[in-house]
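Undergrad: Below is a structure I'd like to ask you about.
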Amino acid sequence: MSDVENLHAMVVFAKVVETRSFTDAAKALGLSKSAVSKEIAALEIRLGAKLLQRTTRRTEVTGVGMTWYQYCARILSEVKSADLFIRQYHEEPTGSLRVVAPVTFGCQCIVPVLNQFVSANLHVSVDLDLTDRPVNLLEDNVDVAIVIRRDLPEHDHYKPLVDISWGLYAAPDYLARFPTIGRPEELTRHDFILFRGPAHTLSLPFRRDKQRRNIDVRSRFRANNSMALVNSAVAQTGIAYLPDYVAQEAVKTGALSRVLPEWEMDIYKSWVLYKHESYISPRVRLFIEALQRAVRQD
């Protein structure tokens, strides 16, 4: 028996089990009752097992038949999902795309991609929520969430975006007031600008070849927004510990300089999370692909 014949027999058998009627199964499939009866009889002969027990009033499923039906149902469900995937793949993206992203990363890295995505897809609208709070895709009713973490996301469905490296930045005029910083150990004399946390000190990691350092530094200015930290560093308040992409523009204009650039520091990873579904809608799939391309080009 060919795979095509087997698949057709599964469809007929599954419909009989679900309707418990040869007549109703035939109507649902657009076949004659005799055609359904012949298909089931031939199937039982090929399998060498009794799948259905017919009476004058009802069609009963045997134990073997019910077990085989479970296999059939799974296979037919996968076939339907595959067909739906192809149809969705060729469909033009439409509808509302709900996106959540961290505030600064969203403004600098996600919004430009969304602008291009909206321009290229006329039938898609975007609802963007910029927040640094934890996000739950189901509870918050969003399609896509961008997160930044050290480790893998706890969510089951995600794709990688880009690594986010961190570094130390200070205004050139601030650095000019002190001896040149040549080693991580010399940082302890400086004031630091850090993301808000419970402690006034932070242990900064440094890596260079096989060398490892962890230096405790003191903070007199803390904030929960990276752009506030950039502005404070430009104002010569101290040395800011920032994601490199946040300080990039200030470095280009000469407002900030990298401190100890030969040393590597923290590296976080950005991820795009999406809902668990049998298929990804065209608007979600195309946006994720566009996002991955864009952040990797940068």
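Undergrad: Percent antiparallel among DSSP beta bridges with both residues in the range 158-298, to the nearest 5?
TA: Counting DSSP beta bridges with both partners in the range 158-298, the antiparallel share is about 75 percent.
Undergrad: Still on this structure: Give the label of the value calculated from the structure for Kirkwood radius over Cα pairs in Å, choosing from (i) 24.2; (ii) 20.7; (iii) 22.5.
TA: The value matching this structure is (i).
Undergrad: Looking at the chain only, what percent of DSSP beta bridges run antiparallel? Nearest 5 please.
TA: Looking only at bridges with both residues in the chain, the antiparallel portion is about 65 percent.
Undergrad: What lysines could a cross-link reach from residue 27, if we take a straight Cα to Cα line under 16 Å and drop same-chain neighbours fewer than 8 places away?
TA: Partners within reach: 15, 38.
Undergrad: Turning to a different aspect of this structure: For the chain, what does the helix formula give at 222 nm: sum of -39500 (n - 2.57) over DSSP H segments with n ≥ 4, over the residue count, nearest 500 deg cm²/dmol?
TA: Rounded to the nearest 500, it is -12500 deg cm²/dmol.
Undergrad: So with the 1.4 Å probe, I'd like the accessible area per residue for the range 1-151, rounded to whole Å².
TA: So the range 1-151 comes to 60 Å² accessible per residue, rounded to a whole number.
Undergrad: Please report the antiparallel percentage of the DSSP beta bridges confined to the range 1-151, to the nearest 5.
TA: Taking every DSSP beta bridge within the range 1-151, about 25 percent pair in antiparallel fashion.
Undergrad: Next question, about the same structure. Once the Cα atoms of helix 282-297 and of the chain are each reduced to a long axis, what angle between those two axes, in degrees from 0 to 90 to the nearest 10, is obtained?
TA: In the chain, helix 282-297 runs at an angle near 30 degrees to the longest axis.
Undergrad: With charges set only on the Cβ (+1 for Lys and Arg, -1 for Asp and Glu), what does the dipole of the range 83-214 come to about its Cα centre, in debye to the nearest 20?
TA: 960 debye
Undergrad: Enter the angle in degrees (range 0 to 90, nearest 10) between the Cα long axis of helix 111-120 and the first principal axis of the Cα atoms of the chain, meaning the one along which they spread out most.
TA: 40 degrees
Undergrad: If you average the C-alpha positions of the range 250-268 and of the range 207-237 separately, how far apart do those two centres end up, in angstrom?
TA: The two parts, judged by their Cα centres, are 10 Å apart.
Undergrad: Quick check on the range 235-298: what does the Kirkwood estimate of hydrodynamic radius come out to from the alpha carbon pairs, in Å?
TA: Every distinct Cα pair counted, the radius reaches 15.2 Å.
Undergrad: Also, I was wondering about something else. Using all C-alpha to C-alpha distances in the range 197-260, build P(r) with 10 Å bins and read off the rounded percent in each one.
TA: Computed distribution, short to long bins: 19, 48, 29, 3.
Undergrad: Under a point-charge model restricted to the Cβ atoms of Lys and Arg (+1) and Asp and Glu (-1), what is the dipole moment magnitude of the range 1-102 relative to its Cα centre, in debye to the nearest 20?
TA: I would put it at about 500 debye.
Undergrad: Over the chain, what is the relative contact order in whole percent, taking alpha-carbon pairs under 8 Å and six or more residues apart?
TA: Answer for the chain is 21 percent.
Undergrad: Pick from 30, 65, 182 the residue whose mean-square fluctuation is largest in a GNM of the chain, springs joining Cα atoms under 10 Å.
TA: Result: 30 has the largest fluctuation of those listed.
Undergrad: Still on this structure, please answer the following. Give the longest segment of the chain that steers clear of GluC sites (Glu not before Pro) in DSSP loops with at most 13 neighbouring Cβ atoms within 10 Å, not counting the sites themselves.
TA: Value returned for the longest uninterrupted segment is 155-261.
Undergrad: Which residues' amide hydrogens lie under 5 Å from the amide hydrogen of residue 266, considering only partners 5 or more residues apart or on another chain, with H built in the peptide plane?
TA: 166
Undergrad: At 1.4 Å probe radius, can you tell me the per residue accessible area of the range 159-298 in Å²?
TA: For the range 159-298, the solvent-accessible area averages 53 Å² per residue.
Undergrad: At 1.4 Å probe size, put 155, 8, 190, 276 in order of accessible surface, largest to smallest.
TA: Correct descending sequence by accessible area is 276, 8, 155, 190.
Undergrad: What longest region of the chain stays clear of trypsin sites (Lys or Arg not before Pro) that DSSP places outside H, G, I, E and B and that have at most 10 other Cβ atoms within 10 Å?
TA: Result, exposed sites excluded: 59-149.
Undergrad: On the accessible surface of the range 154-214, probed at 1.4 Å, how many percent belong to carbon and sulfur atoms?
TA: The nonpolar share, carbon plus sulfur, comes to 47 percent.
Undergrad: Please find, in a Gaussian network model of the chain (springs between Cα atoms separated by less than 10 Å), the residue of 250, 28, 228 whose mean-square fluctuation is greatest.
TA: 28
Undergrad: Also, I was wondering about something else. May I ask you to give the percent of accessible area on the range 66-153 that is carbon plus sulfur, with a probe radius of 1.4 Å?
TA: 54 percent
Undergrad: I'd like the Karplus ³J(HN,Hα) series for the range 92-107: coefficients 6.51, -1.76, 1.60, θ = phi - 60°, whole numbers in Hz, and an x wherever there's a Gly or Pro.
TA: So the Karplus estimates, Gly and Pro as x, are 6, x, 9, x, 9, 9, 9, 10, 10, 8, x, 4, 6, 4, x, 5 Hz.
The values are calculated or read from the model by the stated rules, or taken from the named source; none is laboratory data. All values reported here derive from a predicted model rather than from experimental measurement. For neighbour counting, all protein chains shown are included, and Cβ atoms are generated from backbone atoms with ideal geometry for every residue, glycine included. Just so you know, the surface numbers come from the protein's heavy atoms only, side chains and all, with ligands and any DNA or RNA stripped out. Shrake-Rupley method; radii C 1.70, N 1.55, O 1.52, S 1.80 Å.
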